[in-house]
Amino acid sequence: MKGLAALLAGVFVTAWPRITVDALVALAGIQLLVSGTFDLARSIVSRDTSAEARLLFALLGGLLICVGGLALRGDLRTIEVLAVMLGLAWTLTGIIDLVSLLAGPSCAERVPEAVIGVLAALAGIAVLVVPTPPPAASAVFAGLWLMAWGGLTVLVSGGRRRLPQDG
């Protein structure tokens, strides 16, 4: 679901890159709320993750929910604030995903998830480091990244469900 929400938000933003900053902020807020909710739920119900990783997911979920709520509140009216918000959210999401994978049991089928974590962190760092481009260019970058991240997340989670269980 988390990947599907990102994928749909990415399609919408990429299809209409000249949407207003308010609409872009609202879409980002909704996507962050959905991602935060799923990370928080993951921290509660996941049994194959260490207690430390579950704590990280709980903190990340709480942070994403707070940032998404701030976005929906309507105070963020500039593309610069949105860029910082998304950059931080994507960077932390990638780092925490990667740390949880590295701290967990090692297995080859987790490599795609690690790649997604690295890509998320790099996309977030790029948004934070690069000077803010025009709003339409920012919307296209954000939309393409959300589609890529959402699509990869959907593929990885779908493939994980189809893998036969050992033992």
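Mind telling me which of the residues Val99, Val67, Val45 ends up being closer than 17 Å to Ala121 by Cβ and surrounded by fewer than 15 Cβ atoms within 10 Å (Cβ to Cβ)?
So the residue among Val99, Val67, Val45 that is closer than 17 Å to Ala121 by Cβ and surrounded by fewer than 15 Cβ atoms within 10 Å (Cβ to Cβ) is Val99.
What are the residue pairs meeting all of these: first residue in segment 53-70, first residue touching a residue at least 40 places away in the same chain (Cβ under 8 Å), second residue crowded, with 17+ Cβ neighbours inside 10 Å and outside any helix (DSSP H, G or I), Cβ atoms under 9 Å, and 6 or more apart or on different chains?
Phe57/Thr49; Leu70/Leu76
Residues to consider are Val115, Val154, Val111; find the one that is under 16 Å from the mean Cα position of the chain (by Cα) and farther than 18 Å from Thr91 by Cβ.
Result: Val154 is the single residue among Val115, Val154, Val111 that is under 16 Å from the mean Cα position of the chain (by Cα) and farther than 18 Å from Thr91 by Cβ.
Of everything in segment 18-50, what is closer than 30 Å to Gly104 by Cβ and in contact with a Phe, Trp or Tyr (Cβ under 7 Å, 6 or more places away or on another chain)? Give them in sequence order.
Scanning segment 18-50 gives Asp39, Arg42, Ser43.
Since Ala51 meets every condition but one in (1) within 17 Å of Ala89 (Cβ to Cβ); (2) surrounded by fewer than 16 Cβ atoms within 10 Å (Cβ to Cβ), which condition does it not meet?
(1)
All of the numbers you see were taken from the coordinates with simple rules; none came from a lab. Bear in mind that the values here come from a model prediction, so they are computed numbers and not experimental data. Ideal geometry is used to build each Cβ from the backbone, glycine not excepted, and the neighbour counts take in all protein chains shown.
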